[in-house]
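Each remark here refers to the structure printed beneath this line.
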Amino acid sequence: MRAAEGGRPTAPGDLPSERTPFNRPRVRTLFMGNRGSRPGQGLRMPAEPSSPAIPEVRLRDLRPSVSPVELVGRVITFNRREVVRKSDHSRRPLLSGLLSDGTATVRFTWWDPPREGIERGTILRAVGVEVREFRERPEVTFTWRTRVSPAGLGDLPKVDAEEIPFRTVHSLNPPDEGFRLEVRVVRVAPRTVTVGEERRVVYDGLVADRSGAMALSSWSDFGLSAGEAVRISGGYIRTFRGRPQIVLDERSSVLRVEGSDLPQPSDLLRSPPRSIAAVEDEGGGAAVAVEGIVVGLLPPSGLVYRCPQCQRTVKNGLCRVHGQVEGKADLRARIVLDDGTGALTVNAGRAETERLWGVTLDEARRRLRDEPDPSLLEESMLETLLGRRLRVRGVGTKDDFGVTISPESIEPVDVDLDAAAAELGRRLSGGP
Ligand SMILES: [Zn+2]
């Protein structure tokens, strides 16, 4: 089980940099500088963006061909490496990754790329691109003949919404795009993030259809509200904290759907509990429901102190980001829940901890003043919780230490206490 700290991570990591155009001016300079100063090539200025001799194609329409094409696409992922030439052992830089234009995603390979200025989200126009086929899928190569220049959102192909296929939430995986989706907004709330100097509002939420639920992050305000059914296009799927997430931005469109037959939010979330093993296999989920027995608590549980700025737990008055701070008292319980198929961690916040333990934050502080040993509090909490059967719903994330649930609800389930004690005994002794 993991011992990670609670609290929200810092904001800049939240930004889907895949689509922010703020780096464009710098990219332009770098592209030109690089292209113009390549050794052995002489001065090469970037060509005008559209050369009439070379057809511009959408990635969906790419076919292997002998004649080069022009395309506009956004870098979704990339990595740099060097290839050693057999003939003279010289090293040749290579950048490869995925390129997308909203109609399709293709692999690209870029020989002798600029050293800087390529980031996830960079939109570029490439003239004189070679198209090949690998395992029956087209791939593109930027060679020394290819002229690459920066482009903007407006240069990406316009996609007619009617052409885009409908998909279900369950069928979507990163880095999918070019889909339509009809979903119920289960919840949505604005959150302010600071990106460099800029403050932005991002709308975080959860959407669901009959096939499943997925986290949503919208960088444009579509006026979304919980309960409404919407048809989404122009979004894309990325991985965020190990889970797929739908990202919407200024290129996306959202239409309200009246009289949708999608289930109501409460029904979408009221799915029956699943086995912890199954939740683990799927790497968690945006709307996980499990039921199990409390078999332990992980530190830090009980009375904790949090950094007033980032909410991380503070150790000896030190926040690992903000240094010396005046910690704010809080209650938490990191509950280990076991259902016989596996175990996971439930991170209960103050309100749930107070309710399950039956001790308020004030009472806990009073007890600590009377008896200044925090381990007594944790023992008392463990005594109350151990062996209780809980039904937990929330967002499940998985890392190397297993699945952790950030709960939306924790309901104690009444059980025959003797039977529960016997079951707990079996679980703790590792029996069937
Ligand atoms: Zn802090």
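The values are calculated or read from the model by the stated rules, or taken from the named source; none is laboratory data. Computed from a prediction, not measured in an experiment: that's the story for all the values here. So basically every Cβ, Gly included, is an ideal-geometry build from the backbone, and we count neighbours across all protein chains shown. To get the accessible areas, we keep the full protein, side chains included, count just its heavy atoms, and leave off ligands, DNA and RNA. Shrake-Rupley method; radii C 1.70, N 1.55, O 1.52, S 1.80 Å.
Among the residues making up the range 288-313, those that are at pLDDT below 90 and among the β-branched types (V, I, T) are V288, T313.
Yes/no matrix, rows are residues, columns are (1) touching a residue at least 40 places away in the same chain (Cβ under 8 Å); (2) away from the ligand (no atom under 16 Å from the Cβ); (3) not in a strand (DSSP E or B):
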{"residue": "A277", "(1), (2), (3)": "yes, yes, yes"}
{"residue": "A289", "(1), (2), (3)": "yes, yes, no"}
{"residue": "G302", "(1), (2), (3)": "yes, yes, no"}
{"residue": "P308", "(1), (2), (3)": "no, no, yes"}
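Residues in the range 186-213 that are part of a loop (DSSP other than H, G, I, E, B) and free of Cβ contacts under 8 Å to residues at least 12 places away in the same chain: 1 in all. Going by the structure shown, is L297 within 25 Å of the chain's Cα centre (by Cα) and buried (at least 20 other Cβ atoms within 10 Å of the Cβ)? Spelling it out, it is not the case that L297 is within 25 Å of the chain's Cα centre (by Cα) and buried (at least 20 other Cβ atoms within 10 Å of the Cβ). Considering only the range 261-274, I want to know if a residue exists there that is at pLDDT 85 or above, away from the ligand (no atom under 16 Å from the Cβ), in a loop (DSSP other than H, G, I, E, B) and among the aliphatic types (A, V, I, L, M). Within the range 261-274 (the criterion being at pLDDT 85 or above, away from the ligand (no atom under 16 Å from the Cβ), in a loop (DSSP other than H, G, I, E, B) and among the aliphatic types (A, V, I, L, M)), the answer is yes, since at least one residue qualifies.
Yes/no per residue for (1) at pLDDT below 90; (2) closer than 26 Å to L94 by Cα:
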| site | (1), (2) |
| --- | --- |
| T141 | no, yes |
| P150 | no, yes |
| D176 | yes, yes |
| V183 | no, no |
| V193 | yes, no |
| E198 | yes, no |
| G205 | no, no |
| A213 | yes, no |
| S220 | yes, no |
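Can you name the residue in the range 314-341 that is of a type in the set (G, A, S) and either modelled with pLDDT of 95 or more or within 16 Å of the ligand (Cβ to nearest atom) (or both) and is also surrounded by the fewest Cβ atoms within 10 Å (Cβ to Cβ) among such residues? Here the answer is G323.
Taken over the range 192-214, the criterion of being more than 14 Å from T168 (Cα to Cα) and of a type in the set (A, V, I, L, M) is satisfied by V193, V195, V201, V202, L206.
Quick one: would you say A226 is in contact (Cβ under 8 Å) with a residue 12 or more places away in the chain, open to solvent by 30 Å² or more (accessible area, probe 1.4 Å), out of contact with any Ser or Thr (no Cβ under 7 Å at 6 or more places or on another chain) and of a type outside the set (S, T, Y)? Considered against the rule, which asks whether it is in contact (Cβ under 8 Å) with a residue 12 or more places away in the chain, open to solvent by 30 Å² or more (accessible area, probe 1.4 Å), out of contact with any Ser or Thr (no Cβ under 7 Å at 6 or more places or on another chain) and of a type outside the set (S, T, Y), A226 comes out as yes. Listed by first and then second residue, the pairs with beta-carbon distance under 6 Å, at least 6 apart or on different chains, first residue in the range 157-185 and farther than 19 Å from L224 by Cβ and free of Cβ contacts under 8 Å to residues at least 40 places away in the same chain, second surrounded by 15 or more Cβ atoms within 10 Å (Cβ to Cβ) and of a type in the set (D, E, K, R), are F166/R180. Among the criteria (1) over 17 Å from R391 (Cβ atoms); (2) surrounded by 14 or more Cβ atoms within 10 Å (Cβ to Cβ); (3) away from the ligand (no atom under 16 Å from the Cβ); (4) at pLDDT 90 or above, the one P374 does not fulfil is (4). For E379, the criteria (1) modelled with pLDDT of 90 or more; (2) surrounded by 15 or more Cβ atoms within 10 Å (Cβ to Cβ); (3) more than 16 Å from the ligand (Cβ to nearest atom) hold in every case but one, which is (2). When G117, G121 are checked against the criterion of being in contact with a Leu (Cβ under 6 Å, 6 or more places away or on another chain), open to solvent by less than 30 Å² (accessible area, probe 1.4 Å) and at positive phi, a single residue qualifies: G117.
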